[in-house]
1. Among the residues of region B:4-34, how many are within 8 Å of chain A (Cβ to nearest Cβ) and among the β-branched types (Val, Ile, Thr)?
2. Report, by residue number, each residue of region A:249-270 that is exposed (fewer than 15 other Cβ atoms within 10 Å of the Cβ) and either part of a loop (DSSP other than H, G, I, E, B) or of a type in the set (Val, Ile, Thr) (or both).
3. Pairs please, first residue from region B:105-129 and away from every other protein chain (no Cβ under 14 Å), second anywhere and among the aromatic types (Phe, Trp, Tyr) and open to solvent by less than 30 Å² (accessible area, probe 1.4 Å), Cβ atoms under 6 Å, 6+ apart in sequence or on different chains.
4. Could you list all residues from region B:32-55 that are part of a helix (DSSP H, G or I) and open to solvent by less than 20 Å² (accessible area, probe 1.4 Å)?
5. Just a yes or no: is a residue in region B:35-58 farther than 30 Å from A:LYS108 by Cα, of a type in the set (Gly, Ala, Ser) and within 10 Å of chain A (Cβ to nearest Cβ)?
6. Among A:SER232, A:SER244, A:SER226, A:SER252, which is modelled with pLDDT of 95 or more and closer than 21 Å to A:CYS158 by Cβ?
7. In region A:133-165, what residues are more than 16 Å from the chain's Cα centre (by Cα), open to solvent by 10 Å² or more (accessible area, probe 1.4 Å) and within 10 Å of another protein chain (Cβ to nearest Cβ)?
8. Hey, can you tell me all the residues within region B:56-80 that are open to solvent by 40 Å² or more (accessible area, probe 1.4 Å), farther than 26 Å from A:LEU70 by Cβ and part of a loop (DSSP other than H, G, I, E, B)?
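The values are calculated or read from the model by the stated rules, or taken from the named source; none is laboratory data. No experiment lies behind these values; they were computed from the predicted model shown. Heads up, the Cβs are rebuilt from the backbone with ideal geometry, glycines too, and the neighbour counts pull from every protein chain shown. The accessibility values were calculated without ligands, DNA or RNA, using every heavy atom of the protein model including side chains. Shrake-Rupley method; radii C 1.70, N 1.55, O 1.52, S 1.80 Å.
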Amino acid sequence: MTATRVYNTWPSNNIFLCRGRLITGPDKRYFFLSLSFMLVTISFHLGFSADYIAHDIHPSALAMEIWLILLVLSSFLTCAFMDAGIIPRRSKPSELDQNKNPLAKHPKSVKITCGGVDMTMKYCNTCNIYRPPRCSHCSVCDNCVDKFDHHCPWIGNCVARRNYRFFLTFIFSTTTTCLYLAAMCITEITFRTKDSRKEGASAFGDALGDNPVALLVALFALFAASAVGGLSLFHVYLNCNNVSTNEQLKGSYKKIGNPFWEGYCMYMVNSLCQSKRASFIHPRRVLSRMEVIDSFDPDV
Amino acid sequence: MSFTWPGIPPSSTVLHRDWARAGITQFEAEFPASLEGKVSPEEFRETIDEVNHLLRCADNYGVCGYLEGLVACASFFSIYICYEGRSAGFARQLKEFLKEQNRSIYAKAGLEWKNPFDNGLLYLEISEN
């Protein structure tokens with residue numbers, strides 16, 4: 001009989017893969033859409049243009065391209081299938097705990113002074129915890145997540161403390177890769193037009209005929225670069241202000257000041273280069289018999 | 001602190017987070033009244049100081065952390081298949097330290113320090129067996 005593990009009785013909306021080794025959000029439709037956009041563009045570009053770039057432009061240009069593409073795909077997949085910083089749910093406090101006087105023992109919010117700034121920790125009725133500063137409840141995944149930034153539908157996962165770094169790497173490298181791809185395609189079309197023995201528009205037509213996909217890839221890459229580039233600039237702005245997306249949208253520190261200030265540049269450096277943090281959840285932990293029985297009880 | 005965390009038995013001692021420094025995880029190091037007579041303040045101090053030290057190391061951004069970040073990026077994050085990460089390494093050290101302290105000092109007094117990483121670094125629970 002196989003053991004029941006934590007991920008078998010997981011209370012929120014997350015999906016687990018590889019028997020609890022990978023965790024992601026519930027709605028993966030946009031994830032597959034963005035993955036297919038990337039794979040189709042990359043395969044068309046490499047299929048039609050790789051040879052030309054390697055021989056007629058420079059082999060190192062192709063090497064750089066492949067390096068950037070691998071960085072985009074690896075950061076995308078790491079961000080999508082990583083625990084963002086989920087805080088484990090606590091069991092609902094029973095009436096015995098609360099001494100028949102619920103509000104007195106567990107008020108709706110608690111005041112603390114964090115780094116010299118007065119803040120409130122609100123009680124989360126779903127997770128049964130007081131949310132620490134920067135923590136937010138993700139309504140899509142139905143979890144409280146530590147240092148919550150936002151839930152990204154294109155990745156299909158929350159972006160928070162543990163995977164913000166991979167998210168930043170993804171958007172910056174995607175912008176760079178798209179611009180690089182567009183530059184390569186435009187260079188290829190220019191070179192092919194020059195190499196053609198004809199003049200003017202027919203030379204251009206010849207170039208397009210030799211590689212029909214290059215112009216499409218260039219246009220799509222420029223469009224993607226503008227979209228993801230805009231998002232990248234927004235995140236550069238957020239990092240310079242030392243706030244997360246969630247805090248920026250709520251205007252959390254406008255009146256009270258930001259206790260998490262690390263510096264205009266240092267915050268970005270720390271966000272990008274920080275070491276991988278420990279996870280609070282252990283999806284592959286084997287449950288004891290009592291825990292398995294408790295997991296079926298809706299009141300616990 | 002005037003509030004209690006739900007779901008904790010009343011016999012447990014809870015050390016709340018010390019929010020004096022916003023970016024670094026620390027727990028209150030004051031000797032709780034409920035532990036009087038069970039352990040000496042010196043033993044408690046040693047344990048809590050080491051816990052806070054390891055948490056500071058886990059949150060710290062040092063040269064080693066930046067190096068890990070650059071190597072991870074250069075290797076397309078494949079180093080994380082076999083390497084847990086510097087910060088996660090300190091979390092594992094904390095878990096082992098608490099296990100060892102429980103075994104050598106606190107089991108005699110019928111106490112057990114629970115790993116704060118298991119509850120999301122919200123509080124530090126010292127339960128009574």
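1. 1
2. Once the filter is applied, which keeps residues that are exposed (fewer than 15 other Cβ atoms within 10 Å of the Cβ) and either part of a loop (DSSP other than H, G, I, E, B) or of a type in the set (Val, Ile, Thr) (or both), region A:249-270 yields A:GLY251, A:LYS254, A:LYS255, A:ILE256, A:GLY257, A:GLY263, A:TYR264, A:CYS265.
3. Listed pairs, sorted by first residue: B:ILE126/B:TRP113.
4. Restricting attention to region B:32-55, the residues satisfying the condition of being part of a helix (DSSP H, G or I) are B:33-35, B:41-55.
Scanning region B:32-55 gives B:LEU35, B:PHE44, B:THR47, B:ILE48, B:VAL51, B:ASN52, B:LEU54, B:LEU55.
5. yes
6. One residue alone meets the criteria, A:SER232.
7. A:PRO133, A:ARG134, A:CYS135
8. Residues satisfying the conditions are B:ASN60, B:TYR61.
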